[in-house]
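A short reminder: the numbers here are calculations on the coordinates, not readings from a lab. Because the structure is predicted, anything quoted here is derived from the model rather than measured. Don't worry about glycine lacking a Cβ; one is built from the backbone with ideal geometry, like all the others, and counts go over all protein chains shown.
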Amino acid sequence: SLSKLQLKTGDLDPRLFSRLRHLQKLDLSDNLLDKFPNSLTLPDLRVLNCNNNKLEDVTALKQFPLLEELTYENNVYLTLNDDYKVMFLLQNLRLLNGKDITKLANHVRRVNSRKLTSKVTAHWEKFFRDQLPEKHTTEQVKSIKEKFLKSVQTNVVHGPSSLSEFTRWRVKMIAEEFLAYSLGLELNTDPEPEEKMDENEEESTESPREAAEDVSQVGDFSTYINNVMVKPSKRKRNRSKPSSGNKRSKSQANTKEEAEDVIAEPLHFLQCHSKGNSREDFKTQLWSCVFEPLLDCGARKDPIVSSSRTVATCGGESVCLIDCETGTVLKKYKVAAEEFFSVAWTTLTMVISDSRKKSHNILAAAGRRGIVKLIHVAADFCYGEIKAHKKPIATVCFSPTQETHLFTASYDKRIALWDIGIPDCDYNFKASQLLVLEAFSIPLRIALVPTCPEQYLLAGCEGGCFAWNIKLDKGQKSRPFEAIFQFPDEDGDMTTSHRVDGLAFLNDDVIVSKSSKPGCIYLWSWSQSFDAKGKGYQRTVAAVILAELEWSMTDLSYLTLSTCPAKDYVFCGDEKGGVWMYNLSNYMTAWSSAKGKRSDKMIPPTQVLKWPELQANGEQLSEVLINNVVSDSTFTYLVVLTSVNITAIWKKS
């Protein structure tokens, strides 16, 4: 028993442990371990307790092949994906966290593996087999291997989205084994290189400012990265029409204005979220971006329009603050082993020296670890963190009326409301949990109702679209949902069970959501759908649909949408690098009437911005998914986040 000894990973000396040839039970609970060294050996270990540590990865446990019982509860960074990894890696494992997993583990090792192997093989046969000539060079084999591994991890999906990380991990493993067998390639069995880091620090030792300066010194790495090139012919103003399959004539458009394209041109393509600042990283997924609120000082204003031009973006282990006009990475904040999924801004009035008060923008960032980082951007300082959930946080947002109220939506199927407090001049602060909303499925997107942001919250979840009463004077701290909304499915039937991966308000009443019906984005009325006077919790309510927007027929999830309420625009990216833009200003009057007249025909996009031909290391970047698209409040800049670690910035002329 080595429990409660404040042990860190470096304290587990392989030279000592490798001598314990017959050790069968080991208790390492209640320590500070963030990982296991790869060479502890312990060939006869049968029972291992790692409860209450800080473990971030489980793959090193494969060095204990005879392990039968394993517990690692209360390691906040481990998820369901890690459970499945150990079930696959440890063939003799019977008990995991006190539960008999024999049947499930057999399914994971056999049935799951068989299905994934079939899909990987089919992907090779369909897309890659004919690309390799009979007489091939080593370079050709290396090139097609890299392309295949990248493509197969992106396109082979199986099982629930909550296991997507495990699936990608297994798919890569299976694909490498397949290539080794089929092409005689050497199998890469080396573990991924570990980043060295001061053992007492989990965050980057660089300040955000130093990190920004560092990346700007690597040639023009963060601005017009010299290994990501835009072909000159594509740098002209983009007047692209909707892509094939979604073409429309001007006679089909409702107005002359709608038939005209928005004139927008690409300004910058930035590769500023790379793991370890690597120029070769075209895998890091970028998830969230939000423009900084305007202040009298602080956020940079565009010289022509009264709008902020600084945007916070997140993906991988970093959060960046970018000047959209110049393409400069102003600040960069990193946390090793984190994967950031969401960022949100608030403005706090803080006490500075001499008891004077001043407004400052604070950025909240959260992701896989379930921890919210609070960053005082002007001071280049992360002043605190909130351990909000034991599972990853999908999205965060601040209340527009209560500047210290932060909502966090997590994979633990809960949405929590926090009061983050206001830091004093020494950055001391006190955060408290005010409310917990039970979601019953993973919440993906959340939105506060503009007309009553202190009373109702909407969430798009893996299992439907829900509404909660969040009024704080009700006394009840933990609350079930008040309503679940029904939508038409592919067959025209009404359903509540569907994944809602896009949700935003277009104005005070019109909601835009993407869910159950392929090729379609719904616009629906909050006031006509939800009767605030209705009694009881967990009511089923039919969404009053105002219109349907024509969109891609892809079945890929998590390509989210956004709105620009001031300009009546909706934006949504697709699976081919396209950005679908809808100018809905001509419909708003009809929708705002008492009856909310429905548009009979599907509304086509005003324009689809096509992804330009980008080259990385001499090869064209392909298979670009647009994870998120956000404009500033005046629709001057459009920030596009991708699956290939590229942030694209367009400017409307």
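Observations, loosely collected:
- Shown is the FRET efficiency for Gln433 and Gln538, computed with R0 = 25 Å from the Cβ-Cβ distance and rounded to the nearest 0.05: 0.65.
- Counted residue by residue at 0.36 nm each, then reduced by the alpha carbon distance between them, the extension gain from Arg279 to Arg109 reaches 57.6 nm.
- In this structure, the pairs whose alpha-carbon distance is over 27 Å, taken from Lys331/Lys413; Lys391/Lys576; Lys334/Lys514; Lys25/Lys85, are Lys331/Lys413; Lys391/Lys576; Lys334/Lys514.
- Summary of the geometry: region 32-60 and region 434-453, compared by the centres of their Cα atoms, lie 37 Å apart.
- Net charge, Thr102 excluded, C-beta distance under 13 Å - Lys, Arg +1, Asp, Glu -1: +2
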